[in-house]
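Report on the following structure.
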Amino acid sequence: MSVLELRKLSKAFGGVRAVNEVDFAIQPGEFLAMIGPNGAGKSTCFNMINGQLPPDSGEILLDGQNIAGLAPRAIWRRGVGRTFQVAATFSSMTVIENVQMALLSHSGQTYKLWRPVAAMHRARALDLLGQVGMQDAADRPSRELAYGDVKRIELAIALANEPKLLLMDEPTAGMGARERNGLIELVKRLVVERGISVLFTEHSMDVVFAYADRIIVLARGRVIADGNAGDIRDNAKVQEVYFGTGKTFAEQHGVTP
Amino acid sequence: MTFSAFLFQALNGLSTASGLFFIAVGLSLIFGVTRIINIAHGSLYMLGTYIAYSFATKIGGVFGFWGGIVATALIVGVIGALIEILLLRRIYRAPELFQLLATFALVLVFNDMALWIWGPEDLLGPRAPGLRGSIEVLGRRLPEYDLFLALIGPAVLLILHFALAKTRFGRLIRAATQDREMVGALGVNQAILFTSVFALGAALAGLGGALQVAREPANLATDLVAIGDAFVVVVVGGMGSISGAYLAAVIIAEVKALCIGIGVVDFGFITVNFSKFTLVAEFLVMAAVLIARPYGLLGKPQGAVRSIAEPEEPIRPATPMLKMLAVIVLAGLMGLPLLAQTQPYLLILGIDVLIAVIFATSLHFIMGPGGMHSFGHAAYFGLGAYGAALLVKWLAVPMGIAIAAAPLVALAGALLFGWFAVRLSGVYLAMLTLAFAQIVWAAVFQWEGFTGGSNGVIGVWPPPPFDKAWVYFVLTLLLTVIAVLLLRRFLFAPFGYAMRAGRDSPLRAEAIGIDVKRVHWLAFAIAGGICGIGGGLFAFAKGSISPETISVGRSIDGLVMVLLGGIQTLTGPIVGGSLYAILQDTVMRQTEYWRALLGIIILVLVLAFPQGIVGAFAALWRKRGGGP
Ligand SMILES: Nc1ncnc2c1ncn2[C@@H]1O[C@H](COP(=O)(O)OP(=O)(O)O)[C@@H](O)[C@H]1O
Ligand SMILES: [Mg+2]
């Protein structure tokens, strides 16, 4: 069975149909890229899947159960982790406290009033930071980090509840090419090691074509293509959306935005 | 009640509604455009009544009365423009808390100014020339002036509505209200727009106050009552919506009129006087509206108004040096009773300081780490104080039980009010908490049979051995230390972290399973409960309490304490609370006009350190090459 399946998912803002009857599914352990021009509705899709926005209509099946309209925290408890397009961490906390907070919430200890946080889940948090290569920064204030590092912390936070599905909205936005490849490689490794399914959006075609198991193309709120790198590269509709007619991905190679 | 009597009350309610509308509409307009909550709006209303009184009595006649009302509106409009130009223009970029504080400082200054010019007595103006009579409606006599009031509200609403829809100025106001970015794009026009809107809003408040001159006496307490009412109306009607303001004013006034109309009802087993519940009814209306529509009846959801928090350091356990300092201070305080022989007053001041520390620390708990700027923390202080005092008065319970019950009463109140408050954020939360505090104040004030009304509760003295000042001081010290350490403990525990998580990034917090509203609600309740300890101690320390215990002034004192000490450090409120209590005791009592003095001190602080006092010191520290 698919980990996640969207059925005719729709959302409009005023007159704008941001997401229009979108259907697709993710299999266990799949590394699925969602691409599309700005304003295609990618973030809106993510926001509906993680519960931040209620869909107007359609179903979101997580392991066969409809989660459409549930609160973000309820969906998180069912094993969906998320990173944001604009990275969001707790700026008044240290790096490790950010991860500890997620672990505390995962183990249902949010309302504990007595034991100091400092000693709780520290080993596990260090372990998660190690996995994203941020162990050395554990006790630094998170607001001092470079943006790329904040994205890694977000990833460690998102992994805290051992999710079966990870949603990553533009995880590499604002990163240089090397850092970008590093992060995606890291995520890909996690997918393979832990069997997590990942849905991510990404502007760099190099990255998408190199790492994604499958690619979905969204334009104006609709899915216009769904397939592997080869299918997408050769798809006429996709080329039209991205470059207007006449150009191809081959010509664009290396000068991606 | 007969149907005609019912209709008559409804008609009467419309004249009250006009009054509420005038108070609220200017506040709403000003907020819509400038995003500043002008707490001094109630003061402008109050000044309106006083100025119109002077016109009506000094000049007199038709011209003095009616001409005076128009002149009053213009004068108050000019005062509004001056406030904008001289004060607010300098602090548009300051944290919103400072803006609120600045306008509150004006409340203090205006209040003492009115005291100085017009004296402390209530002043009732003459009846309106030309509208002295009454007409018969449904077999009852309705004063013509009330009818006039009932009509002028909707008339002004219509005029405003067309002015906003048809004129260039009106279009600018609407554009600015709807789209913040727009205002920046206005460039030079922005200054003019802001000043005019302030003048217009102020003039409307002045007009509203002036129109009351023939109906109600000018009174020095009007400013805070009016701002409390205005907040309720604006929250119910929706920020920035003038039609919403009128709609809300009508609903609230009608519900109040209905309560008065129903009057005393005998249910057989119990007799209820509904006219005592006008203020509670107001609260219920607001509660119902906020549940159904968090942004008011005609308001639109606003973007996050929570101010962008200054970057904050992670909290760290106390350093050895801080621990040492705490021990020294405690030892010093324990030694204070030894001085009691020669300087008995020192202990009284010591008790005041400790109670202030409880008050400030509990407020800081939700304001700093929780990011909830409560403008009504006095409510929980008052609930604690009254809870303890009334238990002694009616049930003659021993002091121990009364002081133990104080935080529970406050906790119950904070649970109730907090549930609503955490649904809002930023200035909305500030207004709502202030409105709640006003409601507690009014309930205590109105429910004379139970609370003693304005006389308060007297004879709440501690029994031996606590009647000795030094013993009571030691008890206060003990409870203060417990309260402060408890709050500190909570902050270092998962709950405190969850609270800060919800403040730092509600989005991220929800995305990792934290129920931010629930966490903040419980934090609000805890802060209220702890504050109640201070209230209970206060009641026995003074031996008597009055509604003044719950006044807006006390809520604001708390804000000043927290800001004085620094909102971003955990020791800040302890220092700020102590400092402020000592200041108030020594300096402020020197003059009858201490309110104005305090207001001026706040204004100077705000204008001198628009980035916040702590920010200023931190900057200084960095410049000197000190640590981070
Ligand atoms: N909260 C919102 N209110 C109104 N319109 C929105 C909102 N969020 C997104 N949109 C609109 O929906 C469309 C899709 O946006 P988005 O999902 O952010 O696209 P993407 O992430 O693919 O760039 C855009 O036209 C955008 O302007
Ligand atoms: Mg996006």
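The values are calculated or read from the model by the stated rules, or taken from the named source; none is laboratory data. No experiment lies behind these values; they were computed from the predicted model shown. For neighbour counting, all protein chains shown are included, and Cβ atoms are generated from backbone atoms with ideal geometry for every residue, glycine included. Each accessible area value is taken on the protein alone, full model and side chains, heavy atoms only, with ligands, DNA and RNA left out. Shrake-Rupley method; radii C 1.70, N 1.55, O 1.52, S 1.80 Å.
Once neighbouring chains are kept in place and the probe is 1.4 Å, which whole percent of the accessible area of region B:381-526 is contributed by carbon and sulfur?
Whole-percent figure for carbon plus sulfur exposure: 74.
D for chain B, whole µm²/s, Stokes-Einstein with Kirkwood Rh over alpha-carbon pairs at 37 °C and 0.692 mPa s: what number?
The diffusion coefficient I find is 128 µm²/s.
Calculate, for region A:91-144, the solvent-accessible area per residue in square angstrom, rolling a 1.4 angstrom probe over the heavy atoms of the protein chains.
Accessible surface, normalised per residue, equals 42 Å².
Excluding residues fewer than 8 places away in the same chain, name every one of the lysines whose C-alpha is closer than 29 Å to that of residue B:468.
B:393, B:542
Enter the per residue convex hull volume of the protein assembly as shown, computed from alpha-carbon coordinates, in Å³ rounded to the nearest integer.
199
Any idea what the dipole of region A:91-144 comes to, in debye rounded to 20, about its Cα centre with Lys/Arg Cβ at +1 and Asp/Glu Cβ at -1?
In debye, rounded to 20, region A:91-144 gives about 220.
Residues of A:115-124, mean number of Cβ from any other protein chain within 10 Å of their own Cβ, rounded to a whole number?
3
Within 10 Å of each Cβ in A:76-88, how many Cβ atoms from other chains are there, averaged over the peptide?
Working: counts 5, 2, 0, 0, 1, 2, 4, 2, 4, 0, 1, 2, 7.
For peptide A:76-88, the averaged partner shielding equals 2.
For residue B:162, what accessible surface area do you get with a 1.4 Å probe? Give it in Å², rounded to 10.
It works out to around 110 Å².
From the Cα gyration tensor of region B:333-457, with a ≥ b ≥ c the square roots of its eigenvalues, which class applies: rounded if a/c is under 1.5, or else prolate if a/b is larger than b/c, or else oblate?
Working: a/c = 2.24, a/b = 1.30, b/c = 1.72.
Note, shape of region B:333-457 comes out oblate.
Buried by at least 10 Å² relative to the chain on its own: which residues of region B:487-506 qualify, computing accessible area with a 1.4 Å probe on protein heavy atoms?
B:489, B:490, B:492, B:493, B:494, B:495, B:497, B:498, B:500, B:501, B:504, B:505
Antiparallel DSSP bridges in the protein assembly as shown: what percent, to the nearest 5? Write down the numbers at each step before the final one.
On the way: 30 of 46 bridges.
DSSP beta bridges in the protein assembly as shown are roughly 65 percent antiparallel.
Over all residues in A:186-192, what is the mean tally of Cβ atoms on other chains that come within 10 Å of each residue's Cβ? Intermediate values should be presented prior to the final figure.
Working: counts 0, 0, 0, 0, 0, 0, 0.
Mean partner shielding for this stretch: 0.
I'd like the interface area for chains B and A: accessible area of each alone minus the complex, both sides summed, 1.4 Å probe, protein heavy atoms only. What is it in Å² to the nearest 100? Write out the running numbers ahead of the final one.
Numbers: alone 27160 and 12130 Å², together 36190 Å².
Buried surface at the B/A interface: approximately 3100 Å².
Can you tell me the alpha carbon radius of gyration of chain A divided by the globular rule-of-thumb value 2.2 N^0.38 Å? Walk me through the intermediate numbers first.
Working: Rg = 18.6 Å, N = 257, 2.2 N^0.38 = 18.1 Å.
Ratio of Rg to 2.2 N^0.38 Å for chain A: 1.03.
Using alpha carbons only, how many degrees (0 to 90, rounded to 10) separate the axis of helix B:494-504 from the longest principal axis of chain B?
40
Calculate log10 I(q)/I(0) of region A:91-144 for q = 0.15, 0.23, 0.30, 0.31 Å⁻¹, where I(q) comes from the Debye formula with a single equal point scatterer on each Cα and nothing for solvent.
The Debye formula, applied to the Cα set alone, gives -0.38, -0.86, -1.23, -1.27.
Which value, in Å² rounded to 10, gives the accessible area of residue B:517 with a 1.4 Å probe and all protein chains present?
90
Taking N as the number of residues in region B:422-565, what is its alpha-carbon radius of gyration divided by 2.2 N^0.38 Å? Can you show the working numbers first?
On the way: Rg = 18.3 Å, N = 144, 2.2 N^0.38 = 14.5 Å.
Scaled against compact globular proteins, the figure is 1.26.
Would you mind putting B:33-44, B:68-79 in packing order, based on average other-beta-carbon counts within 10 Å, highest first?
The packing order, highest mean first, is B:33-44, B:68-79.
My understanding is that a pair violates if its Cα-Cα distance is over 22 Å; which of A:112/A:151; B:323/B:517; A:151/A:188 do that in this structure?
A:112/A:151; B:323/B:517
State the answer as a single residue: which of A:100, A:126, A:114 lies farthest towards the positive end of the charge dipole of region A:91-144, with beta carbon charges of +1 for Lys and Arg and -1 for Asp and Glu, about the Cα centre.
A:114
Arrange the peptides B:385-392, A:54-61, B:264-271, A:187-194 so that the one whose residues have, on average, the most other Cβ atoms within 10 Å appears first.
Values: B:385-392: 27.0, A:54-61: 16.9, B:264-271: 7.8, A:187-194: 15.1.
Going by the mean number of other Cβ atoms within 10 Å, highest first, we get B:385-392, A:54-61, A:187-194, B:264-271.
Hey, any idea what % of chain A's accessible area is carbon plus sulfur with a 1.4 Å probe?
Roughly 49 percent of what the probe reaches on chain A is carbon or sulfur.
Any aspartates and glutamates with Cα under 12 Å of the residue A:42 Cα? List them, leaving off those in the same chain fewer than 8 positions away.
A:169, A:170, A:202
More than 33 angstrom separation, counting every C-alpha pair in region B:13-292; what % is that? Walk me through the numbers on the way to the answer.
Numbers: 8796 of 39060 pairs.
Beyond 33 Å sits 23 percent of the P(r) for region B:13-292.
Treating the beta-carbon of each Lys and Arg as +1 and of each Asp and Glu as -1, no other charges, what is the dipole magnitude of region B:354-623 about its Cα centre, to the nearest 20 debye?
Once rounded to the nearest 20, the dipole reads 560 debye.
Which is farthest toward the positive dipole end of chain B among B:394, B:177, B:210, measuring Cα position about the Cα centre, with Cβ charges +1 (Lys, Arg) and -1 (Asp, Glu)?
My answer, from the dipole projection, is B:177.
For residue B:166, give me every one of the lysines with a C-alpha distance below 26 angstrom, ignoring sequence neighbours fewer than eight places off in its own chain.
B:300
Let a ≥ b ≥ c be the square roots of the eigenvalues of the Cα gyration tensor of region B:79-203; is it rounded (a/c under 1.5), or, if not, prolate (a/b larger than b/c) or oblate?
oblate
Restricting to DSSP H runs of at least four residues, report the calculated mean residue ellipticity at 222 nm for chain A, -39500 (n - 2.57) per run over all residues, nearest 500 deg cm²/dmol. Spell out each step's value before the answer.
On the way: 10 runs with 92 residues, N = 257.
Taken over chain A, the calculation gives -10000 deg cm²/dmol.
Rounded to the nearest whole Å², what accessible area per residue is found for region B:138-270 with the 1.4 Å probe?
Computed with neighbouring chains in place, this is 42 Å² per residue.
So for region B:75-190, taking the charge dipole from beta-carbon charges (+1 Lys/Arg, -1 Asp/Glu), which of B:159, B:129, B:119 sits furthest toward the positive end?
Of B:159, B:129, B:119, it is B:159.
Counting only DSSP beta bridges with both residues in chain A, what percent are antiparallel, rounded to the nearest 5?
Roughly 55 percent of the DSSP beta bridges within chain A come out antiparallel.
Counting Lys and Arg as +1 and Asp and Glu as -1, each charge on the Cβ, what is the dipole of the protein assembly as shown about the Cα centre in debye, to the nearest 20?
Magnitude of the dipole: close to 360 debye.
What ³J(HN,Hα) values, in whole Hz, does the Karplus curve 6.51 cos²θ - 1.76 cosθ + 1.60 give for region A:110-116 when θ = phi - 60°, with x put for Gly and Pro?
4, 9, 5, 9, 10, 5, x
Just how much of residue B:55 is accessible, in Å², when a 1.4 Å probe is used and the result is rounded to the nearest 10?
50
Kindly express, to the nearest 10 degrees and within the range 0 to 90, the angle between helix B:426-446's C-alpha long axis and the longest C-alpha principal axis of chain B.
Tilt relative to chain B: about 80 degrees.
Once region B:190-289 is represented by equal point scatterers at the alpha-carbon sites, with solvent omitted, what log10 I(q)/I(0) does the Debye formula produce at q = 0.15, 0.17, 0.20, 0.21 Å⁻¹?
The computed values of log10 I(q)/I(0) come out as -0.77, -0.93, -1.15, -1.21.
Return the calculated 222 nm mean residue ellipticity for chain B, to the nearest 500 deg cm²/dmol, obtained by summing -39500 (n - 2.57) across DSSP H runs with n ≥ 4 and dividing by the residue count.
-23000 deg cm²/dmol
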